[in-house]
Amino acid sequence: MASSIFPARRGVASALRAVAALILYAVAGAAVAQEPIAPAGPTLAAIRERGHLICATSDPLPGFAQTGPEGRWSGFDVDFCRAVAVAVFDDPSKMEFVPLSGDSRFAQLQTGAIDLIARNAPWTMRRDTGYGASYVATSFYDGQAIMVPQSLGVVSAYELENVSVCVVDGGEELANLREFFFTTQSGYSEVLYEDREDLTVAYRSGLCDAVSAPASWLNAIRRSLPEPATHRILPERISKGAYGPVVRAGDPQWFDIVAWTLFALIDAEEVGVSSLNIQSLSKAKTHSIRRLVGLEGSFGPGIGLKPDFISRVIAAVGNYGEIFERHFGPETGAAVVRGQNALWSNGGLLYAPPIE
């Protein structure tokens, strides 16, 4: 008789524990769902009152920001701005994108004429501390490189010998080039121009064997050539340049919104959450995925956003890898190797704090 009673008791106990667990889970879920959204700070309040985000780039550049035949902006920087618009409004179209000259970018940010610069000049201490602006994080690692025609038959800058190189006269780029060739002790000659725009014309016309500029500029030059695939940006970087979103100093809430929108895009790629699968992850068991898609924890209300803002951002624009592929992948006709912009787990420099 005992053998028939005790299993039944154990079954009842197990059932009671399961019910208790469900009740606790429901209570915890309700507590999360009812967490109040933090009041909007000055920047977020101004954006919501206006009804759209104003985002800028200091340097329109193919792949990063360019206009199409209908005047619509597209590019890596533009998609990041759309991601922030989704975080704030759940609508990527509630965003105005404007180009800025290098002379006015910080003043317009300080006055509130713009809310965010998607891609500014390289991150330096002087720019980060001296103009009332704050660099948020790195969205794209750049650096000066050298581009050559495939016909030259080299795959590394260390193979270059007795070549003529087009480069902007004066400034850091010329100094970097000279230091590189001094280090390699290879012969070369300089073909100097006043502006970067001159480099495209000179290189296309065959006035030099190679051209040196930031890799992002070299990619823009390559995209403008008749056969981009016949030119190679060599993998070495002879300088470093970190680019990323910049916001007005003094508003920590807005800083956090922009930062964690970028971090979410990177973290999503790392755990395999994309715009293609996010709708199918409602039963995911992995904590890192559940937090990204809004099934676990509550990470938006504390910075004035909805609890599921991350999943809405990814659904609208994709993860970091999707954005990179869209604007620098093979379909552009001038594919860019991820290199430094690969995830840290794939040998790159791209790293974001976890969502937890």
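So here's what we get for this one:
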quantity	calculated
Residue that is farthest from Gly250 (Cα to Cα) [pool: residues in region 113-127 that are part of a loop (DSSP other than H, G, I, E, B) and in contact with a helix residue (DSSP H, G or I) (Cβ under 7 Å, 6 or more places away or on another chain)]	Ala121
Qualifying position, being among the hydroxyl-bearing types (Ser, Thr, Tyr), surrounded by 15 or more Cβ atoms within 10 Å (Cβ to Cβ) and in a helix (DSSP H, G or I), among Ser239, Ser216	Ser216
Residues satisfying the stated conditions in region 336-348, i.e. surrounded by 14 or more Cβ atoms within 10 Å (Cβ to Cβ) and under 22 Å from Arg232 (Cβ atoms)	Val336, Arg338, Gly339, Gln340, Asn341, Ala342, Gly348
First in region 182-195 and within 17 Å of Val148 (Cα to Cα), second anywhere and among the small types (Gly, Ala, Ser), Cβ under 8 Å, 6 or more apart	Tyr188/Ser164; Ser189/Ser164; Glu190/Ser164; Val191/Ser164; Val191/Ala202
Residue match in region 299-309 (condition: within 16 Å of Ser274 (Cβ to Cβ) and open to solvent by 10 Å² or more (accessible area, probe 1.4 Å))	no
First in region 255-273 and outside any helix (DSSP H, G or I), second anywhere and modelled with pLDDT of 95 or more and surrounded by 24 or more Cβ atoms within 10 Å (Cβ to Cβ), Cβ under 8 Å, 6 or more apart	Val273/Ile314; Val273/Asn319
Whichever residue in region 46-72 is modelled with pLDDT of 95 or more and either open to solvent by 10 Å² or more (accessible area, probe 1.4 Å) or β-branched (Val, Ile, Thr) (or both) and, among such residues, is nearest to Asn219 (Cα to Cα)	Ile54
Residues of region 281-328 classified as within 21 Å of the chain's Cα centre (by Cα), assigned to a loop (DSSP other than H, G, I, E, B) and modelled with pLDDT under 95, total	4
Residue in region 284-298 that is of a type in the set (S, T, N, Q), open to solvent by less than 20 Å² (accessible area, probe 1.4 Å), touching a residue at least 40 places away in the same chain (Cβ under 8 Å) and over 30 Å from Glu173 (Cβ atoms) present	no
Breaking point among (1) open to solvent by less than 20 Å² (accessible area, probe 1.4 Å); (2) assigned to a loop (DSSP other than H, G, I, E, B); (3) under 28 Å from Trp344 (Cα atoms), for Cys208	(3)
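The values are calculated or read from the model by the stated rules, or taken from the named source; none is laboratory data. Note that the coordinates shown come from a computational prediction; the quantities given were computed from them, not determined experimentally. Don't worry about glycine lacking a Cβ; one is built from the backbone with ideal geometry, like all the others, and counts go over all protein chains shown. Areas reflect the complete protein model, heavy atoms only, side chains present, ligands, DNA and RNA absent. Shrake-Rupley method; radii C 1.70, N 1.55, O 1.52, S 1.80 Å.
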